[in-house]
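A.B. asks: Take a look at the following structure, please.
The values are calculated or read from the model by the stated rules, or taken from the named source; none is laboratory data. All figures in this text were calculated on a predicted structure; none of them were measured in a lab. Neighbour counts are summed over all protein chains in view; Cβ atoms, including those assigned to glycine, are modelled from backbone coordinates with ideal geometry. These area figures cover heavy atoms from the full protein model, side chains too; ligands, DNA and RNA do not enter into them. Shrake-Rupley method; radii C 1.70, N 1.55, O 1.52, S 1.80 Å.
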Amino acid sequence: MIGALANFGFSGEEVSNLMAQPFEAVYSPTSGMVEYRANKLLKTPYVVVTRINGEEVYTFFNKQKERARRMAEQLHNMGTEPMDLFNRIMAPITRFFAAINTQYNPIWGTYNYLRDSQTAAIQAGGTVIEDVKMKVVKDGFKNLRGIYKMLRDERKGKPNNSDVAKAFKELREEGGTTGFLDNFSRQEDRVKALADQIKLAQAGKIKKFAVNNIAGLVSDFNQSLENSIRLAAYMEAKKKYVAQYMAEGMSKEAAEIRAKQPSAVVAKQITVNFNQKGGLNAKIGSFYAFFNAAMQGLAAAGKAMFTWDKPGDFKSIRLTPMGKKVMIGGLMWGAMQPLLLMMFGIDPDDLEEYQKERNFMIPIGDGKVFIFPMPFVFSMIPNTSRLMTEWFVNDMKDGGKYLTNFASAMMNSFNPFGGQFDVLTFTPTPLKPIIALDRNVDAFGRPIAKEAFNQSQQIPGYTMARDSASAFGKIISEYVNYLSGGTKDVAGALNWTPDQVDYFIGRLTGGIGREALKATQVTEGLFTGEAAPFYKYPLIGRFGTDVNEGGAISQKFYSNLTKLNAYENTVKGMRERKEPMTEYLNENPLARMYQQANIVEREIQKMRKTMKQLREKDDKEGVKRMQERIKERMQKFNQRVKEIEDR
């Protein structure tokens, strides 16, 4: 053995280390210290460690062969060129944005769990747990409490020997979960992260940080949601494999050991496997936070939906049995959704396209709609039939709009960079907030803030707050205006609107910050008597909307104003160039409405100023009456726009 390793190019010292018992660093919650066991093989790039039949197996690659080196690097998930300085700067910023929007986002775990439960039911097809996939989803919900309690106990240094805790620890040991170190794409980042944890532990600060910091609570909650279905899949798969191995003559004890690793693989593959990476992912992941998750989701969905009789022969590709069920069910639901909305008196056009594209919209009466997220990638199937049905019930008018929406839905479903398929798609994650504010468009193509129709007027930004703007955003934007030389009537050098302030804070602080802003708006409404719209309620607002609420009407109103602003610019440009406009106006009848839109916008501004004065006088009833007037005027304008569009 020693001679063979020497022939592979390993030095005498390296051979001695390789032949020694491997060690690893482990933080002990009980003692509060980090205990070490040697694991030098893990630091050797030419040795790949895996687990077969419950036992660690070490594969040695020839250091003197370029092909062997590249293979080892790929197996280590390190198959990329060294990062340059720019990559090293961008990578931690990108990871920061990823963490605050997932791991430390109080709503992400719940939303992702609902998608994962559907994804697991689909991707379990063709695995050993196919016949118990619904039991896996059901048991996943039952596992939530046990996993969360175990994670909290670990932070406190308390032992937890419940059945769920034991099973979860076993799954984690077999590599079937994602955790702290899995967030790092580069080996040196993992080493640094572990070193930081060791320093905290030695300083006696790690417990205080974990228990007292709200981020720890959110992180444990999200980890519980993320891994509960995986644990259920692991436990069911293990039963199947143990029964199979025992039928082959293996003892129960040996079968249980051998069943661990394949069961962990099943658990990891039925949802998005964040640990599986390609050779370019380290570099691309430095710029785009969720690129790897999206790519792995695409690959897993493809395996669940399609198979081929002759690998490599694209003509032999066909739907799997599960793929056929998903295709039929998805198309049926998509066709039914617009009809269901109309049965409850809701025009599908009253709902935002980005919402319909990503969620099941389930009407529950009186204009209210329950929002249930669709699984990633698979959403393309119901979107296809939904858009066809919407076009049909609209007397097959405005086909260009539905074709554009279809193209957008298709590209967004298969877009590994996330968000709407536009210039923001290819903007690196750390730069997205800046570019979005400059373009006044968020990731879903919605305007971030109101814009003055007459761009030559320097209107103070703080006076152009939407109904959805927070009190904090209003205060900050007003102070910024005054501090940069502005007045009540003239914009300062820094002319921020309250909505732009809210957007920037939300992007910088992630899910916790956005939900906190919502909480301030709801609280403000309790004191002023101005009820916040449902979508502004923390946590639950993500799962519902009301088309009759002022917030939804206002959002539609400003969306229409933005659309008409574009028509206005086009008409004025054609007029200045003395181009014929008759054909353009006939093809775009809304272009004739831009003057009316300017009039309505000025009316709304006057009513808002009046409402502000009433609020300063603490006239709550007067404020409510003015809110109703604004709502009615916006609703009337929206209806007029729709009538012209439907001609």
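A.B. asks: Of the listed peptides 592-605, 466-479, 284-297, what is their order by residue-averaged count of other C-beta atoms within 10 Å, with the highest listed first?
C.D. replies: Working: 592-605: 16.5, 466-479: 20.2, 284-297: 21.8.
So the order, starting with the most tightly packed, is 284-297, 466-479, 592-605.
A.B. asks: Hey, another quick one. Report, ordered by chain and residue number, the lysines lying within cross-link reach of Lys65, taken as a straight Cα distance under 27 Å and ignoring same-chain residues fewer than 8 apart.
C.D. replies: Within the straight-line cut-off, Lys65 pairs with Lys40, Lys43, Lys277, Lys283.
A.B. asks: List the residues whose amide H sits under 5 Å from the amide H of Val441, counting only those 5 or more places along or on another chain, with H placed 1.01 Å from N in the peptide plane.
C.D. replies: Counting only residues 5 or more places away or on other chains, the set is Ile448.
A.B. asks: Then there's this: At 1.4 Å probe radius, can you tell me the per residue accessible area of the range 596-647 in Å²?
C.D. replies: On the way: 3480 Å² over 52 residues.
Accessible area per residue, the range 596-647: 67 Å².
A.B. asks: Keeping every protein chain present and rolling a 1.4 Å probe, give me the accessible area per residue for the range 445-548 in Å².
C.D. replies: Here the per-residue accessible area is 49 Å².
A.B. asks: Ignoring ligands, DNA and RNA, please state the percent of accessible area on the range 98-161 from carbon and sulfur, probe 1.4 Å. Could the numbers behind the result be given before it?
C.D. replies: Numbers: 1620 of 2840 Å².
Its accessible area is 57 percent carbon and sulfur atoms.
A.B. asks: Give the Cα extents of the range 250-398 along the principal axes, in whole Å, largest first.
C.D. replies: Answer, in whole Å and largest first: 63, 39, 38 Å.
A.B. asks: When the accessible area of the range 471-619 is split by element with a 1.4 Å probe, what percent falls to carbon and sulfur? Display every interim value, and only then the final one.
C.D. replies: Numbers: 4750 of 8200 Å².
Result for the range 471-619: 58 percent of the exposed heavy-atom area is carbon or sulfur.
A.B. asks: When the solvent-accessible surface of protein heavy atoms is calculated with a 1.4 angstrom probe, in what order do Tyr537, Tyr234, Tyr241 fall, highest first? Working shown, then result.
C.D. replies: Details: Tyr537 80, Tyr234 5, Tyr241 35 Å².
From most accessible down to least: Tyr537, Tyr241, Tyr234.
A.B. asks: Mind giving me the nanometre distance, one decimal, between the label points for Ile599 and Tyr58, set 7 Å out from Cα along Cα→Cβ?
C.D. replies: Result: 8.4 nm between the two label points.
A.B. asks: Quick one: putting +1 on the C-beta of Lys and Arg, -1 on the C-beta of Asp and Glu, what dipole do you get for the range 265-380 around its Cα centre, in Debye to the nearest 20?
C.D. replies: Details: 12 positive and 9 negative charges, 175 e Å.
That gives the range 265-380 a dipole magnitude of about 840 debye.
A.B. asks: With θ set to phi - 60° and the Karplus curve 6.51 cos²θ - 1.76 cosθ + 1.60, what are the ³J(HN,Hα) couplings of the range 610-615 in order, to the nearest whole Hz, using x for Gly and Pro?
C.D. replies: Values per residue, Gly and Pro as x: 4, 5, 5, 5, 5, 5 Hz.
A.B. asks: Which far-off residues, 5 or more places away or on another chain, put their amide H under 5 Å from the one on Phe360, with H placed in the peptide plane?
C.D. replies: When sequence neighbours closer than 5 places are left aside, the close amide H contacts are Phe372, Met374.
A.B. asks: Let me ask something else about it. Near Lys368, which lysines are there with a Cα under 25 Å away, not counting those fewer than 8 places off in the same chain?
C.D. replies: Cα-Cα hits under 25 Å: Lys356, Lys518, Lys536, Lys556, Lys624, Lys631, Lys636, Lys642.
A.B. asks: To continue, here is another question. Using a simple spin-label model with points 7 Å from Cα along the Cα→Cβ vector, what separation in nm is obtained for Glu643 and Trp333?
C.D. replies: 3.8 nm
A.B. asks: For Lys612 paired with Lys310, estimate the spin-label separation in nm (one decimal), with each label point 7 Å from Cα along the Cα-to-Cβ line.
C.D. replies: Placing both labels 7 Å beyond Cα along the Cβ direction yields 7.3 nm.
A.B. asks: Rounded to a whole number, what % of the accessible area of the range 337-440 do carbon and sulfur atoms account for, probe 1.4 Å?
C.D. replies: Numbers: 3210 of 4600 Å².
Percent of accessible area from carbon and sulfur atoms in the range 337-440: 70.
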